[in-house]
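Student: Below you will find the structure I want to go over with you.
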Amino acid sequence: MGDSLERLYLAVLAAKDLDPATSRTARLFQRGPAKMAKKLAEEAIEVVIDAVNGNSEAVVRESADLLYNLTVLWASAGVRPEDVWREMARREHLLGIAEKLPKSTSGIAKEAAPAAVRRRIVALEGRGLRKRH
């Protein structure tokens, strides 16, 4: 899977400066990180809806869209796939599995995570999110 995401990431980088009229990737870069984040959130919601509805074929299709939009956002943020793999390996080393670190500041989370930093909440767009057909 890492090789596939690396190839996708390189393709996203190659397409970001193409003509936005013909390239979805270039159009996302032109519209900026807020639009990229909105598209990523929409795809994540679609995966969730399809999974809850038991539609595994749709989960596969929407997951591909989700990974594409995640990769676009990574490229915009200057994050490389190997950065993410390094974090996954760090978590696996700490926890024995590459799972999400606990939110509490006690125990392993205190040792594993840097001092907690409050993140600014970003409103995406006012329109409601719904499954496209």
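Student: Just checking, how many residues over region 58-84 are of a type outside the set (Gly, Ala, Ser) and over 21 Å from residue 14 (Cβ atoms)?
Tutor: Result for region 58-84: 4.
Student: Restricting attention to region 6-15, and to residues there that are surrounded by fewer than 18 Cβ atoms within 10 Å (Cβ to Cβ) and either touching a residue at least 40 places away in the same chain (Cβ under 8 Å) or touching a His at 6+ places or on another chain (Cβ under 6 Å) (or both), which single residue is farthest from residue 61 (Cα to Cα)?
Tutor: It comes out as 13.
Student: Mind checking which residues of region 26-47 are among the hydrophobic types (A, V, I, L, M, F, W, C), surrounded by 14 or more Cβ atoms within 10 Å (Cβ to Cβ) and more than 20 Å from residue 8 (Cα to Cα)?
Tutor: Correct list: 45 only.
Student: Ok, one more. Of the residues in region 33-73, how many are among the small types (Gly, Ala, Ser) and touching a residue at least 24 places away in the same chain (Cβ under 8 Å)?
Tutor: Residues in region 33-73 being among the small types (Gly, Ala, Ser) and touching a residue at least 24 places away in the same chain (Cβ under 8 Å): 3 in total.
Since every read-out is calculated from the coordinates, none of them should be taken as a lab result. What you see is a predicted model, and the numbers here were worked out from it, not measured in a lab. Here Cβ is always computed from backbone atoms with ideal geometry, including for glycine, and neighbour counts include all displayed protein chains.
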